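Asker: The structure follows.
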Amino acid sequence: MLLSYCVVNTNGRAYLLACLDAIARTHPDGVEHEVLVLDNASDDGSAAAVRDRHPEARLIERETRAGKAENDTRLLREARGRYGLLLNEDSQLQPGAATALLDALEGDPGAAVAGAQLIGADGDAKACAWRLPGVGTALLTAAFLHRRLVVESHGTRVRPVGWVQSSAMLVRREAAEAVGYLDSDFFVYSDETDFCKRLGDAGWRILFVPAARAVHHDQLSTDPVARARRTVEFQRNRDLYMRKHHSAPARGAVRALTAWFYAVRALVSPLMGGEWRWYLLHASQALTPSRGEGIREATEAYNRGRAQQS
């Protein structure tokens, strides 16, 4: 088998069904494939909807919730295809996307990952490939040169990059197995960054494939508590990446430079109609990433409550 579509879903029933519909609608003719759906202990009827609407999918139902890295790893381990196409439930492949991603990896035996160009619901392209984090990229970001010199999802040709977002990411399963899959210490955020870093260190290339397009709805809650938890988790895992791959001085420098970047944005955001409080929280968390409760703690609380009810 050549291709395994690997979809993780957490309480995203409507998005999940749209994702699966898009897979069925855009899958290239003649390519042997399977569809795997890991339902992350949803309570919105997602699993039942998959059984009803997409009985062809192989459904894995978790009884407790886990982080994205752990769930993506389980899907890659369970998959039978040579390649696993990791998808969020809120990602929808566009026509030709799977073909373009497959062509990229089939045409480059030294490449382990091919990332799609993510687009918003409005059709605008999103940043989705970057240079790997470090002091250099932090300096460029602090100087507000990140869009030009850190973001690598530019142009129209397939190109090697540092890392790509995993919302629509094709993985050579042989390479993933060789580096030990994704690291579950990254509950969510920076998990694919670390994965691409380790693949690169092992000699594999990471590709950005602009011809492969996928709509990514990026479900952002407007609830302030939920947004705060996302911010805590985001900065915590950026710091974990630095701790894992860089020296203590480099980690400290990145903390300071990242805090500076967000503090400046907080200062200017009222003039541009932005949300200064959110930028200020990012700045604070960048300096002290171990502070606060993130998505991991919310998930642990959810699992405890579910266990008490059973």
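Asker: Identify, please: which residue in the range 264-310 is surrounded by 17 or more Cβ atoms within 10 Å (Cβ to Cβ), touching a residue at least 40 places away in the same chain (Cβ under 8 Å) and of a type in the set (S, T, N, Q) and is, among those, farthest from Leu240 (Cα to Cα)?
Answerer: If we take residues in the range 264-310 being surrounded by 17 or more Cβ atoms within 10 Å (Cβ to Cβ), touching a residue at least 40 places away in the same chain (Cβ under 8 Å) and of a type in the set (S, T, N, Q), then Thr299 is farthest from Leu240 (Cα to Cα).
Asker: A further question on this structure: Going by the structure shown, is Asn40 of a type in the set (S, T, N, Q) and open to solvent by 30 Å² or more (accessible area, probe 1.4 Å)?
Answerer: Working: of a type in the set (S, T, N, Q): yes; open to solvent by 30 Å² or more (accessible area, probe 1.4 Å): no.
Answer is no for this residue.
Asker: If you check Pro95, Pro55, which single one turns out to be touching a residue at least 40 places away in the same chain (Cβ under 8 Å) and open to solvent by 40 Å² or more (accessible area, probe 1.4 Å)? Talk me through it step by step, then tell me what you get.
Answerer: Working: Pro55 fails: touching a residue at least 40 places away in the same chain (Cβ under 8 Å).
It is Pro95.
Asker: Scan the range 194-243 for residues that are touching a Leu at 6+ places or on another chain (Cβ under 7 Å) and closer than 22 Å to Leu16 by Cβ and report the count. Steps first, answer last, please.
Answerer: From the range 194-243, those touching a Leu at 6+ places or on another chain (Cβ under 7 Å) are 195, 197, 206, 209, 212, 214, 216, 228, 231; that's our starting set.
The next check asks that each one be closer than 22 Å to Leu16 by Cβ; those that pass are 212, 214, 216.
Qualifying residue count for the region: 3.
Residues are listed down the side, and each one gets a yes or a no for (1) crowded, with 18+ Cβ neighbours inside 10 Å; (2) charged (D, E, K, R):
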position: Val215; (1), (2): yes, no
position: Ala228; (1), (2): no, no
position: Thr231; (1), (2): yes, no
position: Arg238; (1), (2): yes, yes
position: Ala256; (1), (2): no, no
position: Tyr262; (1), (2): yes, no
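Asker: For the range 149-185, which positions are surrounded by fewer than 23 Cβ atoms within 10 Å (Cβ to Cβ), small (Gly, Ala, Ser) and either outside any loop (DSSP other than H, G, I, E, B) or touching a strand residue (DSSP E or B) at 6+ places or on another chain (Cβ under 7 Å) (or both)?
Answerer: Result: Ser153, Gly155, Gly162, Ser167, Ala175, Ala178.
Asker: Please enumerate the residues belonging to the range 124-140 that are outside any loop (DSSP other than H, G, I, E, B) and either charged (D, E, K, R) or open to solvent by 30 Å² or more (accessible area, probe 1.4 Å) (or both). Talk me through it step by step, then tell me what you get.
Answerer: Just the residues of the range 124-140 that are outside any loop (DSSP other than H, G, I, E, B), to begin with: 125, 129-130, 135-140.
Passing the criteria: Ala125, Trp130, Val135, Gly136, Leu139, Leu140.
Asker: If you check Gly30 against the conditions, is it out of contact with any strand residue (DSSP E or B) (no Cβ under 9 Å at 6 or more places or on another chain), under 21 Å from Pro95 (Cβ atoms), surrounded by fewer than 18 Cβ atoms within 10 Å (Cβ to Cβ) and not aromatic (Phe, Trp, Tyr)?
Answerer: Values: out of contact with any strand residue (DSSP E or B) (no Cβ under 9 Å at 6 or more places or on another chain): yes; under 21 Å from Pro95 (Cβ atoms): yes; surrounded by fewer than 18 Cβ atoms within 10 Å (Cβ to Cβ): yes; not aromatic (Phe, Trp, Tyr): yes.
Yes; evaluated as a whole, the condition is true for this residue.
Asker: Within the range 6-80, which helices (runs of 4 or more DSSP H) (wholly inside it) include 2 or more residues that are under 28 Å from Arg304 (Cβ atoms), modelled with pLDDT of 95 or more and among the acidic types (Asp, Glu)?
Answerer: Details: elements: 13-26, 46-53, 68-78.
Answer list for the range 6-80: 68-78.
Asker: Restricting to the range 243-288, name every residue that is small (Gly, Ala, Ser), part of a helix (DSSP H, G or I) and out of contact with any Ser or Thr (no Cβ under 6 Å at 6 or more places or on another chain). Steps first, answer last, please.
Answerer: Taking the range 243-288 first, the residues small (Gly, Ala, Ser) are 247-248, 250, 252-253, 256, 259, 263, 266, 269, 273-274, 283-284, 286.
Next, from what is left, pick out any that are part of a helix (DSSP H, G or I): 248, 250, 252-253, 256, 259, 263, 266, 269, 283-284, 286.
If the condition is that a residue be small (Gly, Ala, Ser), part of a helix (DSSP H, G or I) and out of contact with any Ser or Thr (no Cβ under 6 Å at 6 or more places or on another chain), then Ala248, Ala250, Gly252, Ala253, Ala256, Ala259, Ala263, Ala266, Ser269, Ala283, Ser284 are the ones that fit.
The values are calculated or read from the model by the stated rules, or taken from the named source; none is laboratory data. From a predicted model like this one, the values you see are computed outputs, not experimental measurements. FYI the Cβ positions are ideal-geometry reconstructions off the backbone, even for glycines, and counts take in every protein chain you see. Just so you know, the surface numbers come from the protein's heavy atoms only, side chains and all, with ligands and any DNA or RNA stripped out. Shrake-Rupley method; radii C 1.70, N 1.55, O 1.52, S 1.80 Å.
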